[in-house]
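Just so you know, all these numbers are worked out from the coordinates, no wet-lab data involved. Note that the structure is predicted; figures quoted are calculated from it, not measured. Methodologically, a virtual Cβ is constructed for each residue, glycine included, from the backbone with ideal geometry; neighbour enumeration extends over all protein chains shown.
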Amino acid sequence: MMGGNLSINCRKQEASPATRDYDNSDDNSLTLTDDERQLIDSTWKQLANSFDSNAEEELGVRIFMRIFQLNPEIRGAFPTFDDLHDLEAMRRNVFFRCHGRRFVRAVRSVVDNLDALDVTAVPNLDRLGRIHRDFHGFRTDYLRTFEAAMEDVWREMLGRKFDKTTRRAWRKVIKLITSTVMHGYEETRTCPVQTKTAAAPSEKTIAATPNDVNGSLACNDSQTDCGLSS
């Protein structure tokens with residue numbers, strides 16, 4: 001991935017109490033050098049290859065478990081997860097795994113398209129933000145917890161490779177993701193309002209039992225928003 005520095009402006013977010021130690025105040029604009037893009041590419045491959053199977057789901061599960069550990073209040077935006085009282089229940093729940101997989105695929109869309117973000121990644125993240133407007137209880141300041149959780153998981157899985165230089169590069173990418181989602185969440189509606197609850201697919205979407213770990217195979221990623229398919 002070559003071709004000079006990549007620069008995209010990102011929007012500031014107010015830190016929540018649970019993530020005030022996550023300081024990315026110097027990353028309000030995304031400027032990735034070629035070396036940083038190579039770091040992103042190589043470390044992402046390590047993250048994606050860290051599991052024997054269902055890598056996207058396993059990575060997503062770790063991120064969301066960490067999110068709820070950092071800020072349990074966020075669980076209020078995901079009523080489908082109310083009955084999941086421990087980490088193992090979360091890990092096995094099909095809805096939880098599907099939501100994690102969709103989130104990681106959004107991250108992958110950014111990593112795979114660093115040279116053409118406006119074509120694929122940014123529109124997808126913007127749409128993701130619009131979808132979250134209908135998640136009752138969701139607030140944009142929760143995105144800071146998402147940032148902190150991703151960094152925690154990256155640090156755990158990458159070990160010494162997640163050094164200062166790599167962390168700075170990833171913070172720029174993570175900030176792009178959350179700021180674009182926030183933009184989609186806040187922009188003016190251009191389509192009819194639909195009532196949704198987070199991670200609560202219809203019977204047609206999920207054909208497996210809620211606690212079947214293999215039920216994630218039935219997770220349908222063709223959800224739409226304003227006529228746009230994923």
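Key figures
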item	result
Where labels lie 7 Å past Cα in the beta-carbon direction, separation of residue 45 and residue 85 in nm	4.6 nm
Highest average packing first - 136-148, 114-126, 88-100, Cβ atoms within 10 Å	88-100, 136-148, 114-126
Quotient of Cα Rg and 2.2 N^0.38 Å for the range 28-175, N being how many residues it contains	1.04
The range 115-182: radius of gyration over Cα atoms, expressed as a fraction of 2.2 N^0.38 Å	1.24
Cα→Cβ-extended label distance, 7 Å offset, between residue 52 and residue 165, nm	3.5 nm
Computed FRET value (nearest 0.05) for residue 118 with residue 33, which takes r as the C-beta separation and R₀ as 30 Å	0.95
